[in-house]
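For reference, the structure is listed below as structure tokens.
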Amino acid sequence: MGSDTPLGTSVEYEVIKYKSGSAEPAKVQVATEVPFTIMVNETEVVTLMCTPENLEELCYGFLFTSGIIESRDDVVSYLCDESRWMAQVTIEEMPDLSMLSKRLYTSGCGKGVMYSSLVEITSRHPLKTAFKVDKDALIELMRWLQKSSDLFKKSGGVHSAALSENGKTPKIAIDDVGRHNAVDKAIGDGLIRGVDFSQCVLVCSGRTSADMLHKARRSGIPVTISRGAPTHQTILLAREMGVTVVGFARGGGFTIYTHPGRIVF
């Protein structure tokens, strides 16, 4: 692949496949990742290893779930230089950067990042909403997500996330090599489109970790559902944050770990 060729979401590699006692040469698609740096008012905030698509959504989602912006309107301008994988963001008022010094490197793929001061804030204010979603809608959402990612079908190397408004089929599913990035991209997409997060379900392919729960609560999303199981820390935090965590969504069933009253049977 030449240097002038745009980097896609996957590249082809020659490999050796072993199966049923036989080793044979083969060609496979492998998910790509790049170091994406976000600059805010000429200050470097973070560099994320991510899939090189939906970068604007990733930028908005990360800045929002990290507490650097409160809404889309806080962003004056966004420019992305894909030759350097760098976003230049201008906002009206720069936040206190001292909060960025207290980072929790989470269990998310590629070292997810949470800012501990924001975790404390979201834990102190439980989410209160009358939102409810039908059990059958949750099952269909998970089935839809599993079928939605062409990149996963090609490479098997990405996570997917999507926002369902009122239990309906999402507008889009977004992929990334990191599950926390996929969540930020989905939330960023919702932020850009002006979605009412209080009426949403966050649908994820990977397990629900504490950083993903934080992102949901920060956005005001009352229900999360994933194919995997949550960690014990996720359950403890979800109880305090007022978020309904649904996991092990597969085979026409699921497990509700916290706040089951939002699920209609």
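The values are calculated or read from the model by the stated rules, or taken from the named source; none is laboratory data. Note that the structure is a prediction, hence the values are computed from the model and not measured. FYI the Cβ positions are ideal-geometry reconstructions off the backbone, even for glycines, and counts take in every protein chain you see.
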Out of the stretch 41-65, which residues are in a strand (DSSP E or B) and either at pLDDT 95 or above or within 23 Å of Ser149 (Cβ to Cβ) (or both)? Leu48, Met49, Cys50
Among residues of the stretch 121-146 being more than 20 Å from Arg218 (Cα to Cα) and not hydrophobic (A, V, I, L, M, F, W, C), the residue modelled with the lowest pLDDT is Gln146
Scanning the stretch 66-90 for residues that are more than 18 Å from Ile187 (Cα to Cα), in a strand (DSSP E or B) and of a type outside the set (Asp, Glu) gives Val76, Ser77, Leu79, Cys80, Met86, Gln88, Thr90
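When the residues of the stretch 17-40 are filtered to those that are part of a strand (DSSP E or B) and charged (D, E, K, R), which remaining residue is nearest to Gly188 (Cα to Cα)? Working first, answer last.
So the first thing to find is which residues in the stretch 17-40 are part of a strand (DSSP E or B), and the list is 17-19, 22-31, 34-40.
Then keep just the ones that are charged (D, E, K, R); that gives 17, 19, 24, 27.
Details: Lys17: 38, Lys19: 41, Glu24: 42, Lys27: 34 Å.
Looking at residues that are part of a strand (DSSP E or B) and charged (D, E, K, R), I get Lys27.
Within the stretch 69-87, how many residues turn out to be among the polar types (S, T, N, Q) and free of Cβ contacts under 8 Å to residues at least 40 places away in the same chain?
Looking only at the stretch 69-87, we keep the residues that are among the polar types (S, T, N, Q), and these are 71, 77, 83.
The next check asks that each one be free of Cβ contacts under 8 Å to residues at least 40 places away in the same chain; those that pass are 77, 83.
Number satisfying all stated conditions: 2.
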Wholly within the stretch 149-244, strands (runs of 3 or more DSSP E) carrying at least 1 residues that are of a type outside the set (Lys, Arg) and within 27 Å of Gly261 (Cβ to Cβ): 159-165, 200-204, 223-226
Taking Gly228, is it outside the structural domain of Gly61 (by TED's automatic domain parsing) and at positive phi? no
Give the stretch 181-209 a look and list any residue that's out of contact with any Lys or Arg (no Cβ under 7 Å at 6 or more places or on another chain), closer than 21 Å to Glu70 by Cα, crowded, with 23+ Cβ neighbours inside 10 Å and not basic (Lys, Arg), or say none. Asn181, Ala182, Ala186, Gly188, Asp189, Gly190, Cys200, Val201, Leu202
Taking the stretch 213-239 as the search range and keeping residues that are surrounded by fewer than 21 Cβ atoms within 10 Å (Cβ to Cβ), touching a Lys or Arg at 6+ places or on another chain (Cβ under 8 Å) and not hydrophobic (A, V, I, L, M, F, W, C), which one is nearest to Leu202 (Cα to Cα)? Arg227
